[in-house]
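Asks: Dropping a structure here in structure tokens format, bear with me for questions.
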């Protein structure tokens, strides 16, 4: 894993995120933590039905659980170096279901210095245990000029 | 403003079917029209529960003494706490709670952290709506503020509306 040092960072460097085991309990806990009790995440009978051309076959994890895991990876990497998580954009590519294990990861894409600060762009993705990408996006981190060097 | 703060006095309705008929369908949503929102007092308990759900362990969110000695001079919430705030700051008849609403993507920008004890307000609206591959989309536009009027974060999202 690459350390969060602006000067040393280069395109292609990677950030490792935590593995996350998805279960009915983890999804239920996310309902309670987010107050998102959409039956997509709770009600197997409802999920037997079709959504347009899609049938999920059972409850699915909140898309925003991916978002929260990516954000956790970025802050755990950036905060110790005095860098700040400024932006995260994600889209969901595949549903995540109980029994899946997902893991976010990041790849440094570019660095940019502006009039008042320094920025790092990171491609982010979440993969499941089959190596399928379930969520993807891009993040922006700020490395204030005063941020620690390592 | 004659707005009731969402709090323990009115328990959060976890049955999203209950008020389903009160909520706007895609056809009724007017882009640009402000959504009704509720101020919400963010507690340390709510932050800790969110942290548990995604496995956050950073002491800045959870350990008061360590957070006090850290860069923010006290406890803060993780940036993605807006996941909770989105539902905490909207009423039971808000269309984001329509069963079958599918999140199609989000982008959020972070200014300053939310902190436990903050009274958070939301300015929100649908910014656009469109049809793509026979599916009904709405573009969401959201900004969260603290009690000082400072922007905490702002976000854009897309949901696919139930038919």
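The values are calculated or read from the model by the stated rules, or taken from the named source; none is laboratory data. Here the structure is a predicted model, which is why all the values come from computation and not from measurement. When we count neighbours, we look across all protein chains shown, and the Cβ atoms used for this are built from the backbone with ideal geometry, even at glycine.
Asks: Looking at the stretch A:31-81 only, could you name the residues that are closer than 14 Å to residue A:106 by Cβ and within 8 Å of chain B (Cβ to nearest Cβ)?
Replies: Hits for the stretch A:31-81 are A:67, A:69, A:71, A:72, A:75, A:76.
Asks: Here is a further query. Could we say that residue A:89 is modelled with pLDDT of 95 or more and either within 12 Å of another protein chain (Cβ to nearest Cβ) or under 19 Å from residue B:156 (Cα atoms) (or both) here? Reasoning before the result, please.
Replies: On the way: modelled with pLDDT of 95 or more: yes; either within 12 Å of another protein chain (Cβ to nearest Cβ) or under 19 Å from residue B:156 (Cα atoms) (or both): yes.
Against the criterion (modelled with pLDDT of 95 or more and either within 12 Å of another protein chain (Cβ to nearest Cβ) or under 19 Å from residue B:156 (Cα atoms) (or both)), residue A:89 qualifies.
Asks: Next question. Considering only the stretch B:16-42, state which residues are out of contact with any strand residue (DSSP E or B) (no Cβ under 8 Å at 6 or more places or on another chain), exposed (fewer than 15 other Cβ atoms within 10 Å of the Cβ) and closer than 17 Å to residue B:89 by Cα.
Replies: Residue satisfying the conditions is B:36 alone.
Asks: Still on this structure, please answer the following. If you take the residues of the stretch A:1-50 that are in a strand (DSSP E or B) and out of contact with any helix residue (DSSP H, G or I) (no Cβ under 8 Å at 6 or more places or on another chain), which of them is farthest from residue B:97 (Cα to Cα)? First the steps, then the outcome.
Replies: First, the residues of the stretch A:1-50 that are in a strand (DSSP E or B): A:14-16, A:20-21.
Narrowing the set further to residues that are out of contact with any helix residue (DSSP H, G or I) (no Cβ under 8 Å at 6 or more places or on another chain) leaves A:14, A:21.
Values: A:14: 37, A:21: 26 Å.
The qualifying residue farthest from residue B:97 (Cα to Cα) is A:14.
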